[in-house]
Amino acid sequence: MRRTRLGLVGALAAVLVAAGLAAGPAAQAHERQPTLAGLAERHGRYFGSATDNPELTDSAYTKILGSEFDMITPGNGMKWYATEPEQGVFDWTAGDQIVDLARRHHQRVRAHTLVWHSQLPDWLTGKEWTAAELRAVLKKHITTEVRHYRGKVYSWDVVNEAFNEDGSYRETIWYKTLGPGYIADALRWAHKADPHARLYLNDYNIEAVGPKSDAYHRLAADLKARGVPLDGIGLQTHLALQYGYPATLEDNLRRFSRLGLDTALTEVDVRMQLPVTDAKLAEQAAWYRDLTTACLAVHRCVGVTIWDYTDKYSWIPDFFPGEGAALPWDERLDPKPAYSALLDALRQRAVT
Ligand code: XIL
């Protein structure tokens, strides 16, 4: 039977009422133009993007950055080379610019990162330090930076990329000079400097259950047992179509929840070998949908952050030659199939 025009409008209205969307003009406007953040908030989650200072002069770019997301990560501006370019001389210019922009857009900030082996200033890497000296350098850096951003950031990636693929400790300047205890020390110093910031360990290739995520599970259990202030594990989630989807992601998130920890997908991108094809874009979209659904399914998975939102500013082509197109918006800032897939995933009912 053919529906009358009136019948169709009536049916639509009933659907809207049932979905609780006919509440008022604000809700209706919100539904007409759903955003990733708006939909994530219905699940008590956030949806974030990284950004970087040089891009902030691109007004078409900042418009989407300011409207589509409710959490921001500085891609570089809070790293050691940027914040303490000379020993004891601190520079907050880059980080502050991003924190101020986020505040103007009512967005929170996932701060990134305090202790890492990469993007360190030359004064730090170009010298042999005794353990006592290096410990003092690390304590001062953490304490000064976390104090500066106290009350202004939601969380800190305190230690980044501490483990090798086989689950052994990465032989960084920190590990080699200070031993594994640098991780607990860093967490304690950060907690003292900002007791309200959520403190994370963050790494890549820990999305699936395996030796590297097992190492984090063991370390996290040990830190919790010893009362060290650890709040969450960040799974960077830099995925690549050619390596396959991490099918155990949801189970992995759950086992960290069972330790009483938050989890977050902190640097998501899904790269592919170029050239781009419709088939690859469709597969990429399915991965974005699935990883978002996995986070929504696990109560303590607090949110998803993509490592910038547009292929125009993705780090992938520079670091993985021949690969790219990793983000949900293309280089012209047009949404790709992955963007609709994210909206679809976020429109689902929350499982927990
Ligand atoms: C990347 C930035 O996006 C690049 O601009 C920079 O040149 C190198 O670092 N894992 C991390 C991030 O934790 O800090 C990295 O960010 C990407 C991999």
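The values are calculated or read from the model by the stated rules, or taken from the named source; none is laboratory data. None of the values given here were measured: they were computed from a predicted structure. Cβ coordinates were reconstructed from backbone atoms using ideal geometry, including for glycine residues, and neighbour counts include every protein chain displayed.
For the reader, a short list of remarks on this structure follows.
- Taken together, the criteria exclude His43 from residues that are touching a Lys or Arg at 6+ places or on another chain (Cβ under 7 Å), crowded, with 16+ Cβ neighbours inside 10 Å and not in a helix (DSSP H, G or I).
- Subset of segment 156-201 [within 19 Å of the chain's Cα centre (by Cα) and part of a strand (DSSP E or B)]: Trp156, Asp157, Val158, Val159, Asn160, Phe163, Arg198, Leu199, Tyr200, Leu201
- Matching residues in segment 58-78 - criterion: being within 16 Å of the ligand (Cβ to nearest atom), over 18 Å from the mean Cα position of the chain (by Cα) and among the hydroxyl-bearing types (Ser, Thr, Tyr): Tyr61
- Test for His191: is it within 21 Å of Leu261 (Cα to Cα), crowded, with 19+ Cβ neighbours inside 10 Å and away from the ligand (no atom under 16 Å from the Cβ): yes
- Of the criteria (1) surrounded by 21 or more Cβ atoms within 10 Å (Cβ to Cβ); (2) assigned to a helix (DSSP H, G or I), which one Asp318 fails: (1)
- Looking at Tyr288, Tyr204, Tyr245, just one residue is of a type in the set (Phe, Trp, Tyr) and more than 17 Å from the chain's Cα centre (by Cα), and that residue is Tyr245.
- Residues located in segment 47-60, provided they are in contact with a helix residue (DSSP H, G or I) (Cβ under 9 Å, 6 or more places away or on another chain) and either surrounded by fewer than 22 Cβ atoms within 10 Å (Cβ to Cβ) or modelled with pLDDT under 95 (or both): Asp52, Asn53, Pro54, Glu55, Leu56, Asp58
- Residue among Asp344, Asp308 that is within 13 Å of the ligand (Cβ to nearest atom), under 23 Å from Thr263 (Cβ atoms) and of a type in the set (Asp, Glu): Asp308
- Single condition Leu223 does not satisfy, out of (1) assigned to a helix (DSSP H, G or I); (2) within 16 Å of the ligand (Cβ to nearest atom): (2)
- Residue count for segment 79-134 under the criterion of being hydroxyl-bearing (Ser, Thr, Tyr), under 22 Å from Asp52 (Cβ atoms) and more than 16 Å from the ligand (Cβ to nearest atom): the result is 1.
- Residues of segment 159-182 satisfying the condition of being within 16 Å of the ligand (Cβ to nearest atom) and among the hydrophobic types (A, V, I, L, M, F, W, C): Val159, Ala162, Phe163, Trp174
- Restricting Asp222, Asp251, Asp262, Asp231 to residues that are of a type in the set (D, E, K, R) and over 20 Å from the mean Cα position of the chain (by Cα) narrows the list to Asp222.
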